[in-house]
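Take a look at the structure below.
The values are calculated or read from the model by the stated rules, or taken from the named source; none is laboratory data. Please read all numbers here as calculations on a predicted model, not as lab measurements. Please note: Cβ atoms are built from the backbone with ideal geometry, for glycine as well, and neighbour counts cover all protein chains shown.
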Amino acid sequence: AAPLSAVAARAAAPDPNIVPVPDWTKTLGVGVNNNPYGVPSKFEKDVVRREVEWLTASRESSVSFTPLYALDGVITPNGLCFVRHHGGEAEIDPDKYRFMIHGLVDKPLVFTLDDIKRMPGRVNRAYFLECAANSGMEWRGAQLNGCQFTHGMIHNVFYTGVPLRAFLDAAGVKTSAKWVLAEGADASVMTRSIPLHKALDDCLVAFAMNGEALRPEQGYPVRLVVPGWEGNMWVKWLRRLEVGDQPWAQREETAKYTDLLADGRSRRYTFIMDAKSVVTSPSPQAPLKHKGPNVLSGIAWSGRGTIKRVDVSLDGGRNWTTARIEGPAMPMAMTRFYLDFDWDGRELLVQSRAMDETGYVQPSKAELRKVRGENSIYHNNGIQTWLVHGNGETENVEVG
Amino acid sequence: AAPLSAVAARAAAPDPNIVPVPDWTKTLGVGVNNNPYGVPSKFEKDVVRREVEWLTASRESSVSFTPLYALDGVITPNGLCFVRHHGGEAEIDPDKYRFMIHGLVDKPLVFTLDDIKRMPGRVNRAYFLECAANSGMEWRGAQLNGCQFTHGMIHNVFYTGVPLRAFLDAAGVKTSAKWVLAEGADASVMTRSIPLHKALDDCLVAFAMNGEALRPEQGYPVRLVVPGWEGNMWVKWLRRLEVGDQPWAQREETAKYTDLLADGRSRRYTFIMDAKSVVTSPSPQAPLKHKGPNVLSGIAWSGRGTIKRVDVSLDGGRNWTTARIEGPAMPMAMTRFYLDFDWDGRELLVQSRAMDETGYVQPSKAELRKVRGENSIYHNNGIQTWLVHGNGETENVEVG
Amino acid sequence: ELAPAAQKGEAGKKAQAKAEKGKAQQAVNAAAPAAAATAVKVAALGRPALAEEIAAWDIDVRPDGQGLPEGKGSVKEGEEVFLEQCAACHGEFGEGAGRWPVLAGGAGTLKSERPEKTIGSFWPDASTAYDYIHRAMPFGNGQSLTADQTYAIVAYLLNLNDVVKDDFVLSKENFAKVKLPNQPNFFDDDRETTEKAFWNANPCMKNCTGEVKVISRARILDVTPDGEQKGNLE
Amino acid sequence: ELAPAAQKGEAGKKAQAKAEKGKAQQAVNAAAPAAAATAVKVAALGRPALAEEIAAWDIDVRPDGQGLPEGKGSVKEGEEVFLEQCAACHGEFGEGAGRWPVLAGGAGTLKSERPEKTIGSFWPDASTAYDYIHRAMPFGNGQSLTADQTYAIVAYLLNLNDVVKDDFVLSKENFAKVKLPNQPNFFDDDRETTEKAFWNANPCMKNCTGEVKVISRARILDVTPDGEQKGNLE
Ligand code: HEC
Ligand code: HEC
Ligand SMILES: [Ca+2]
Ligand SMILES: [Ca+2]
Ligand SMILES: [Ca+2]
Ligand SMILES: [Ca+2]
Ligand SMILES: [Ca+2]
Ligand SMILES: [Ca+2]
Ligand SMILES: [Co+2]
Ligand SMILES: [Co+2]
């Protein structure tokens, strides 16, 4: 076992990684355009999206999770944004892409991708996208040993796009309109009903993410952005918007994405993602490796606005310390927090608790179960606990 | 030729991309984890970094340029960040990585990568990195027909790292210290002298970019971040920091990165990158394709702080309109601007002019030549002109 | 060193010298004044959608019957199509094969520890079954069923769920009469009222709980892919 | 549907039931109070660097001679090594082969249209040649030259640049005496003074120029890779 002292030991002999000079300093590396489109270091090959195969019957209707434990900062790299499909990944020729708007409008219209890119009012905004089923496997107790699996259905991306409002204005919305239906061009022909007020407020028709074209698995060439609301509504491969006077009761808003409570009743139209957070390091896939100084790193987000504060507990929720929010804290965007701490090797029960600008405080799992039971599947924003053992190994546990 | 009317024509027959329903809506696409680390759509295969082969004798000491014309928003995707090496791309095993700090310090120290990640005070910041030689080929007149080549030695990334100051504090800087030397572990063993005040101010020892580990071609596992200052100083594969009382007159700060003026004298230590901007669309690689509404998109940045205003001219600098800054305008970070405009097919001479928070106004090329001549190579921040022809084709030109 | 293209410079210089001055002149004179160039007419983008185009994509069906096509189908006919095209995944009686979804049964389970949420036990609207089956089933071959086939399959599934009798024939006309039993148990989002307690300006910071016990451990359940990475204390 | 792992749930439930309560108890009691956990000693990270380690990496040479190793080398010796290891790229007389860098000549060209910037015509400090050649040359095999070889090559390059005579022997001791001719022509960044005119709170917005002419066109020079993409007006 390592000594408890946090001071690094004096090296007895020169470090073989310093003397002699390493090979990479003595021979030329590959040229500047070895990869015209760059890829991560081979030493990072484990930092990938992962599936949980027992979750669904088919890989075309499944999910692969963001490796949150290995990421830092505020942006999710495009190649690591979690993926959830219901009919596989549509591969759309951008020249053949069309977007139709019709229903309760004065002029039903068809737009090409070029048309969308020519619309005035283009904006750039960072938003988190969280699947309402994120942490859904954890309602009945700790199940999956890694924040990639417990919390990896979230990503945070800078979108470039045009306010959906511009398209509604172009078509001319009739006064009787109250809802819109967004529809994808993939094999699931994904649909969701969205209240007109949200569509007119801050939704985007986005064609770029983190600076480049949308990725195919994120809806290339065009997806809907529905800030702060559950990810399933952010229709990918957007082909159609119908304006109507009532919701459509589509499968994804009735059979799914409704929240069954303990009394057998079900809450529907639970669009907003409540404030939530998770410590990404330490976590089961990112155990503590050293005593002494350590940096606890985590993410927090809220569908109701900006994260104002994150508290961290190292003793299972008995005592809390306010963490340092680092980097931009933008409304409805993932926010990074850190706690610098000194570890003497004692077991820890690590938790984080997010607060947003509306004063909402992320509840404990017990508090959440008390009002919702264990059968909601969706919207599990309860406080996560990681048990850090004396040897640094970290487990997903629940405390009570 | 297209009619001048900006109103789209009524389709005579149903669009074959709508009726019948496209194949991608009728058959399942690939599964959710087809690419555990995702890649762009095959339809975006031309959006890559490009070299200009005649520029240098060897591809290990060369540059490949960011395809700015195809990008939007404020972030540069990691795979498309321009690359400049002097000895190829070092491929470093993170477990064997070491960072040494010595010289005029109380305690010379060696850090592992884990040590760096355990340092308190980790931060997340977005900064542009511009090579001082960006636009260097354009001093004597319009040369390269595309903003990828004229302006593509810039990228903008969110870094995660530790203030360099923390390492200097740990080692204990002696009172006689005035400069530091940063050195890379690549085959060029790249070195630059940096004033101590900058090192103590806002420099970062960074290990992540845009949320994930640094890319190999950007210095994996650790690079220096020197906000607002010329890119060559942002030493990649950082292995060593020596503290001293004078600059080292290294090759990159004497033979190179000094600015030869018309009178034969040379300006040195020109670290700050002056305010600059360029219209990325339209541009030679992104011609106008339609009359009627269009979105002009561009980027602006300044090493002296935040971009406060960008003006756009469509008539070669005679008249200017203030563009819309869109998305976050962060200090020493790339800032996006747009101008929504209606094009009737007349020839345009497109320019943009950046202003920063210090009141610095990006000069015209003529103004710049007047004070510097044509032999500086570095720090060409003159206003760029694109000539848009009546058929939409766009050329790099200079006006006088 | 990134110097100007010296080797091509001479040719370039010459070419520049004879640069078409007339053309440049024109470019300048013709340039749109900045003011005019920024007057954008939004109405200019997009083109009118044709009725046939809307019809090709407007496949949704609402609870009030909007979107239902002409057609009809019996439980018996539905059983036939279902056995051919659906049963392999969903079971002959909608009981689900392997991990594929269960479509029938589950009545009375919604308050239990393991609710079985099917069309009969959970779904609020029969229109959703019509919409979804025509839209996305059979999995990988969506929009291949005719209207009559879809009516028939929905009739069969309603029958499996004890909502309609064995001799029932579903049609556009009688669709509105079909009511699913769990419909009354849905209510709209009320979290801001019922979960008001989660808004709290001063959450507890010190000695917030009594004794804290680990009550559940993912490691013991052991369903995580790849197992887990071990700690590596140095 | 992403439901809890029902198929493994039973085993899990049982396992949880017997979750080691003793261990959990310990975890809680032993948890560091948050206050203590945040007291970080910065000094704790990093370990002292050994003298041999510093020596292995501290290869820089400064204009004042700091960093120069013991050793010496003559122009003649330098010529030999240079012809063997350098001339293939840089030419026998430092004149450069193909596009590889020129190392000698260029005197008097700095004000001309095509300045030739070499060690002799441009570089301010001879120490830079020592530092860089030992650090990074021969290209792809840096740090392979001995101190004597490096002194000799620098002597040879100084000689090619007419800075030292043919019989010169460069050494640690006489290094400080070598002065490069262009040294006095370097001055520190003064843009905030000399380019003060670029700060301007109210840049011109209307009718700022007279007639605007295209005076230079990249297309005519035609040195762009891949040629260019054509416009595609519809
Ligand atoms: C190859 C397997 C397969 C076949 C064949 C198939 N399905 Fe499905 N079915 C699925 C999958 C997978 C899902 C879930 C898709 C998802 O969640 O994205 C599903 C979902 C459904 C649902 C929704 C279940 C729920 O609870 O939300 C219904 C209803 C359904 N299928 C009906 C049918 C009918 C009717 C047919 C035949 C016409 C059919 N299926 C054929 C695989 C299949
Ligand atoms: C295989 C080709 C090659 C060989 C052999 C080679 N060099 Fe170089 N040399 C280069 C390249 C390429 C550069 C420019 C590197 C850069 O800019 O990153 C360079 C740069 C230099 C420079 C700096 C030039 C300037 O203006 O900044 C000097 C001095 C130099 N070499 C000296 C030498 C000496 C001395 C040797 C032999 C001991 C040598 N070179 C062998 C390719 C070579
Ligand atoms: Ca409809
Ligand atoms: Ca029955
Ligand atoms: Ca295990
Ligand atoms: Ca030194
Ligand atoms: Ca001579
Ligand atoms: Ca050409
Ligand atoms: Co919901
Ligand atoms: Co400079």
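Structural remarks
- Of the candidates C:Asp189, C:Asp148, C:Asp166, the single residue that is touching a Ser or Thr at 6+ places or on another chain (Cβ under 7 Å) and on the phi < 0 side of the Ramachandran plot is C:Asp189.
- Put simply, of C:Gly94, C:Gly73 the only residue that is out of contact with any His (no Cβ under 9 Å at 6 or more places or on another chain), touching a residue at least 60 places away in the same chain (Cβ under 8 Å) and assigned to a strand (DSSP E or B) is C:Gly73.
- Positions within segment C:150-181 being crowded, with 21+ Cβ neighbours inside 10 Å and not hydrophobic (A, V, I, L, M, F, W, C), in sequence order: C:Thr150, C:Tyr151, C:Tyr156, C:Asn159, C:Asn161
- Boolean, C:Lys111 is within 13 Å of chain A (Cβ to nearest Cβ), within 30 Å of A:Lys308 (Cβ to Cβ) and not aromatic (Phe, Trp, Tyr): no
- B:Thr150 out of contact with any helix residue (DSSP H, G or I) (no Cβ under 9 Å at 6 or more places or on another chain), assigned by TED's automatic domain parsing to the domain that holds B:Glu253 and modelled with pLDDT of 95 or more: no
- Residue count for segment A:40-71, restricted to those that are more than 7 Å from chain B (Cβ to nearest Cβ) and in a loop (DSSP other than H, G, I, E, B): 7
- Flag for B:Leu144 being at the interface with chain A (Cβ under 7 Å from one of its Cβ atoms), more than 16 Å from ligand 4 (Cβ to nearest atom), hydrophobic (A, V, I, L, M, F, W, C) and closer than 18 Å to B:Gln384 by Cβ: no
- Candidates are the residues of segment A:262-284 that are among the hydrophobic types (A, V, I, L, M, F, W, C) and crowded, with 24+ Cβ neighbours inside 10 Å; the one that is nearest to ligand 4 (Cβ to nearest atom) is A:Met273.
- Just so you know, in segment C:164-209 the residues that are under 23 Å from C:Gly105 (Cβ atoms) and within 7 Å of chain A (Cβ to nearest Cβ) include one that is nearest to the chain's Cα centre (by Cα), and it is C:Phe186.
- Residue check for A:Arg122: over 30 Å from C:Pro138 (Cα atoms) and touching a Cys at 6+ places or on another chain (Cβ under 8 Å): no
- Candidate set: segment A:91-147, residues that are in contact with a Ser or Thr (Cβ under 7 Å, 6 or more places away or on another chain) and among the aliphatic types (A, V, I, L, M); chosen: the one farthest from B:Glu44 (Cα to Cα): A:Ala142
- Just one of the numbered conditions (1) in contact with a Ser or Thr (Cβ under 9 Å, 6 or more places away or on another chain); (2) at the interface with another protein chain (Cβ under 9 Å from one of its Cβ atoms); (3) β-branched (Val, Ile, Thr) is not true of B:Val180: (2).
- Where strands (runs of 3 or more DSSP E) fall wholly inside segment B:81-150, the ranges with 2 or more residues that are more than 19 Å from D:Ala49 (Cβ to Cβ) are B:123-130.
- A single member of B:Asp344, B:Asp259 is away from ligand 4 (no atom under 16 Å from the Cβ) and facing another protein chain (nearest Cβ under 7 Å), and it is B:Asp344.
Residue-wise test of (1) within 28 Å of the chain's Cα centre (by Cα); (2) outside the structural domain of B:Ser297 (by TED's automatic domain parsing); (3) modelled with pLDDT of 95 or more; (4) surrounded by fewer than 22 Cβ atoms within 10 Å (Cβ to Cβ).
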| position | (1), (2), (3), (4) |
| --- | --- |
| B:Ala2 | no, yes, no, yes |
| B:Pro14 | no, yes, yes, yes |
| B:Gly38 | yes, yes, yes, yes |
| B:Val47 | yes, yes, yes, yes |
| B:Phe65 | yes, yes, yes, no |
| B:Asp72 | yes, yes, yes, no |
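- Checked against (1) in contact with a helix residue (DSSP H, G or I) (Cβ under 9 Å, 6 or more places away or on another chain); (2) charged (D, E, K, R); (3) within 12 Å of chain B (Cβ to nearest Cβ), A:Arg122 meets all criteria but (1).
- Within segment A:155-177, the set of residues being within 12 Å of chain B (Cβ to nearest Cβ) and either assigned to a loop (DSSP other than H, G, I, E, B) or under 18 Å from the mean Cα position of the chain (by Cα) (or both) comprises A:His155, A:Asn156, A:Val157, A:Phe158, A:Tyr159, A:Thr160.
- Conditions (1) more than 10 Å from chain B (Cβ to nearest Cβ); (2) over 26 Å from A:Thr76 (Cβ atoms); (3) not aromatic (Phe, Trp, Tyr); number of the one not met by A:Val312: (2)
- Only listed residue being surrounded by fewer than 24 Cβ atoms within 10 Å (Cβ to Cβ), out of contact with any strand residue (DSSP E or B) (no Cβ under 6 Å at 6 or more places or on another chain) and on the phi < 0 side of the Ramachandran plot, chosen from B:Leu200, B:Leu181: B:Leu200
- Restricting segment A:348-363 to residues that are of a type outside the set (Val, Ile, Thr) and surrounded by fewer than 20 Cβ atoms within 10 Å (Cβ to Cβ) leaves a set whose member that is farthest from the chain's Cα centre (by Cα) is A:Gly359.
- Selected residue (only one of D:Asn200, D:Asn185 is away from ligand 1 (no atom under 16 Å from the Cβ), touching a strand residue (DSSP E or B) at 6+ places or on another chain (Cβ under 7 Å) and in contact (Cβ under 8 Å) with a residue 12 or more places away in the chain): D:Asn185
- The set of residues in segment B:357-400 that are part of a loop (DSSP other than H, G, I, E, B), modelled with pLDDT of 95 or more and among the small types (Gly, Ala, Ser) comprises B:Gly359, B:Ser364, B:Gly373, B:Ser376, B:Gly382, B:Gly390, B:Gly392.
- Residue that is surrounded by the most Cβ atoms within 10 Å (Cβ to Cβ) [pool: residues in segment A:212-251 that are within 16 Å of ligand 3 (Cβ to nearest atom) and of a type in the set (D, E, K, R)]: A:Arg240
- Residue that is more than 16 Å from ligand 10 (Cβ to nearest atom), in contact (Cβ under 8 Å) with a residue 12 or more places away in the chain and in a loop (DSSP other than H, G, I, E, B), where the choices are B:Ala262, B:Ala249, B:Ala208: B:Ala262
- The condition of being surrounded by 20 or more Cβ atoms within 10 Å (Cβ to Cβ) and charged (D, E, K, R) does not hold for C:Arg99.
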